[in-house]
Amino acid sequence: MPRKKNQLTTVSITLSTTQAVVDYLQALVESGLYGKNPAEAAERLTARGIEDLIERGKLQRRATKRDRRR
């Protein structure tokens, strides 16, 4: 089943890393749980890390455009 289109506007960033990190990301992709390619795996891990920091109180959740319209 195809994924739904992302409701949020996305932006691209450039990330430089080592081959070892890319290899780990590729292994996660091959598990079938972290996206279709290493870039998607990196995005998912980054998002999870940010969510964890918010839950631990290290970052404050930012209001979304939807929140601001209310």
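FYI, it's all coordinate maths here, none of it is from the lab. If you're wondering where the values come from, they're calculated on a predicted model, not measured in any experiment. Please note: Cβ atoms are built from the backbone with ideal geometry, for glycine as well, and neighbour counts cover all protein chains shown.
Brief remarks on what is shown
- Residue (of Leu25, Pro2, Thr64) at the positive-pole extreme of the chain, dipole from beta-carbon charges: Thr64
- Helix 38-55 axis, angle to the chain major axis (alpha carbon atoms, nearest 10°): 40 degrees
- Ellipticity at 222 nm from helices only: DSSP H runs of n ≥ 4 in the chain, each -39500 (n - 2.57), divided by the residue count, give -15500 deg cm²/dmol.
- Counted by neighbouring Cβ atoms within 10 Å, the residues Glu30, Glu40 run from fewest to most as Glu30, Glu40.
- Only Lys, Arg, Asp and Glu carry charge here, each on its Cβ (+1 for the first two, -1 for the last two); on that basis the range 1-65 has a dipole of about 460 debye about its Cα centre.
- With the biggest extent put first, the Cα atoms of the chain measure 43, 33, 22 Å across the principal axes.
- Comparing Leu45, Leu59, Leu25 in a Gaussian network model of the chain, where Cα atoms under 10 Å apart are tied by springs, the biggest mean-square fluctuation is seen for Leu59.
- Contour minus Cα-Cα distance for Thr10 and Asp52 (0.36 nm per residue): 13.0 nm
- For the range 13-20, Karplus couplings with θ = phi - 60° (6.51, -1.76, 1.60), whole Hz, Gly/Pro x: 10, 9, 10, 9, 8, 8, 4, 4
- Relative contact order of the chain, defined on C-alpha pairs under 8 angstrom at six or more residues apart (%): 14 percent
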